[in-house]
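The values are calculated or read from the model by the stated rules, or taken from the named source; none is laboratory data. Owing to the predicted nature of the structure, the values given are computational and were not obtained by experimental measurement. A quick note on method: Cβ atoms are made from the backbone with ideal geometry, for glycine too, and the neighbour counts reach across all protein chains shown. Remember, those area values only see protein heavy atoms, side chains included, never the ligands or the DNA or RNA. Shrake-Rupley method; radii C 1.70, N 1.55, O 1.52, S 1.80 Å.
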Amino acid sequence: MYRGMISQFNKSLSMRIASNMSASVSNSTSQCFLLRNPNSTMEVDWIAQCCRSCYSTMVQPWRQKLSTQKEMKPSAEVQTDNPAMQGLPKKDLSVIGKREIGENVSGKDKVKFLMNTLLHLEDCKETIYSTLDTWVASEQKFPTVSLKRTLIALEREHQWHRVIQIIKWMLSKGQCTTMGTYGQLIRALAKDRRPEEAHIIWARKVSNNMHSVPKELCDLMISIYYQNNMFERLVKLFKRLEAYDRKPPGKSVVQKVAEAYQSLGLLEEQKLVLEKYNYLFIEKNKEHPRKCEKTA
């Protein structure tokens, strides 16, 4: 019985496919075929209905399973819309939990490593610069604090040549272009016995605006000029400071200026300077009254 039903079902399907593929056969002929055997059409409809029910019972659970998996799977759009994730950089989500390279290294270890590396390198500008470039490449931001600590450590060891190289490398990168950095460079150049370069840095980078130059830096330049017998430059700088109404902070500066005038043979100017700032040489005894009573 079932074989007859299946064969009849196959015959009806083949006839329907043939009728659809053939352009010359009309819909009336296919309907006539069904009308000739009414019992067969009822059996075919019954088999088709059974197939539909079987298909629905087998396929629908799989469709529901796939739809639930799609809903549970997180997408990039959903995570970017999450307000908690908006502040994070746009990286792969699998990398967010990982530490950056060198993040767990302390600042002291970084300074110690850089200092030991620089001290054992040959005295070559290209080698020093390439080493600093490699050291900074692993940092997310320019390590200004670590470099400042390295400079302080090198100054304690009187490694003035290395200090000069590091500061010049920092300035070439456009970093730390402040009065403090230029003052540190001028001081290192003076310690390294390079007063002419110190004067060039002063003239090009510092002396353009005398109002903002710290008095310590002005005193440093006067000392450099005095120690290296650059008396003309010393007198010129002192006159510029007076033109900006910047008085000498102590008698040591006035003594250096007076000796510079004397070395240049300008005795009248020397006399005028000593008379003008005579009050700096007068020892004012402003002791506390109780101290005066104890001494009496």
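The table below gives the values:
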quantity	calculated
Failed condition for W169, given (1) without any contact (Cβ under 8 Å) to a residue 40 or more places away in the chain; (2) open to solvent by less than 20 Å² (accessible area, probe 1.4 Å); (3) aromatic (F, W, Y)	(1)
Residue among R233, R240 that alone is charged (D, E, K, R), at pLDDT 95 or above and open to solvent by 70 Å² or more (accessible area, probe 1.4 Å)	R233
Output for the stretch 195-210, where each listed residue is in contact (Cβ under 8 Å) with a residue 12 or more places away in the chain and over 32 Å from the mean Cα position of the chain (by Cα)	P195, H199, M210
Residue list for the stretch 266-283, restricted to those being open to solvent by less than 30 Å² (accessible area, probe 1.4 Å) and outside any loop (DSSP other than H, G, I, E, B)	V273
Yes/no for V273 being over 22 Å from A190 (Cβ atoms) and either touching a helix residue (DSSP H, G or I) at 6+ places or on another chain (Cβ under 6 Å) or modelled with pLDDT of 95 or more (or both)	yes
Qualifying residue in the stretch 131-142 (condition: open to solvent by 50 Å² or more (accessible area, probe 1.4 Å), part of a helix (DSSP H, G or I), more than 27 Å from S207 (Cα to Cα) and in contact (Cβ under 8 Å) with a residue 12 or more places away in the chain)	no
